[in-house]
Amino acid sequence: MSQQYPGPQQPYHQQPHPGQRPYQGQWHYQGGPAPWPPRPPKNNLPTPAVVAIVGVIVAFLGVLLVGALLPSDHDKATPLRFKDHTGQSIKTASASLEKADLYVPQVRDARNGDEVRIDEDDWKICFQHPKTGTRITDTFDFTATFSAVPPHTACPDKDGERVRMPRVTGLRLDKAVDRLTTIGTSPVSDNAYDDEPDPEDGQEKKFTVCFQSPKPGSPLDTGPGSFHTTFPDLYALPNGEHCPDKPGTKKNPEPAPPSDTSDDLPDLPHIHRPDLDKPYLCRHTRWC
């Protein structure tokens, strides 16, 4: 069987490409004319220079990220901690807090817990909250509370507890006065004998306390901030003298006046009065 010759073939570069159709003597893609012969596909892989640039950028961003995650020099520094302000005045402690960018503290009376006006800046701090050394993580939310007492007033043993009367009997009068003045009271010095002169100013070293009022352990109202400051009484005698049994005793009592005796009165006859006799009273009164 003979084959039919297909006719002259077109050159290779003029042969149609799949998807092309002849149009006006030229081969076109169905979507429009296209160059022929087909161009080789482009190489979309990045060049070594681009890869190097991208690598540098990624490394730089990594360094920034790691630096942000690591603690800064400020974080590595010593953390801010609450200092000890006991014994300081409110004014001094408030200035220290303000320097550390902390809020103005709350102040209360250490003797009873009552709130104190912030303008009482000369009061002495006895207790503080939180405790010394507490780490301050947020200065915005941190608030300090100080328990203080007026000037020249001793701090109580516990926060909110009133000062109590110490025992000063047996002490030299000047030392007892100093101790009571330190806790905010105003002692009064009297002679243990009611008929002896009281100690004068400057003679306290020559006297010894025999009695005290109020008794040891009694609560006291102390300091100029109190409405009823306690004035303890100290009853003393010159050094070396024996104390009496109780204060107010007379050292030289006055002799008692002579008493009348029945021997000095004449004998009086018995006077009979019927109105005073019991039978008479029972008959004429309603009490029987």
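Listed values, structure above:
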| item | result |
| --- | --- |
| The range 148-211: chymotrypsin sites (Phe, Trp or Tyr not before Pro) in DSSP coil with no more than 14 other Cβ atoms inside 10 Å | none |
| Above-threshold pairs, the threshold being 24 Å between Cα atoms, out of 158/246; 131/175; 175/215; 91/175; 175/246 | 158/246; 131/175; 91/175 |
| Projected label distance in nm at residue 143 and residue 121, using a 7 Å step from Cα toward the beta-carbon | 2.2 |
| Normalised alpha carbon radius of gyration of the range 97-167 [divisor 2.2 N^0.38 Å] | 1.21 |
| Net charge contributed by nearby residues that have their C-beta within less than 11 Å of residue 206 (K/R +1, D/E -1) | -2 |
| Stretch gain in nm, segment residue 245-residue 100, where the contour uses 0.36 nm per residue and the Cα spacing is subtracted | 46.1 nm |
| FRET efficiency, residue 158 to residue 252 (Cβ-Cβ, R0 41 Å, nearest 0.05) | 0.30 |
| Length released on extending from residue 56 to residue 206, taking residue separation times 0.36 nm less the Cα-Cα span | 44.7 nm |
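Bear in mind these aren't lab numbers, they're just calculated from the coordinates by the rules spelled out. Predicted model only: the values in this text are computed from it and were never measured. Reconstructed Cβ throughout: ideal geometry from the backbone, glycine too, with neighbour counts over all protein chains shown.
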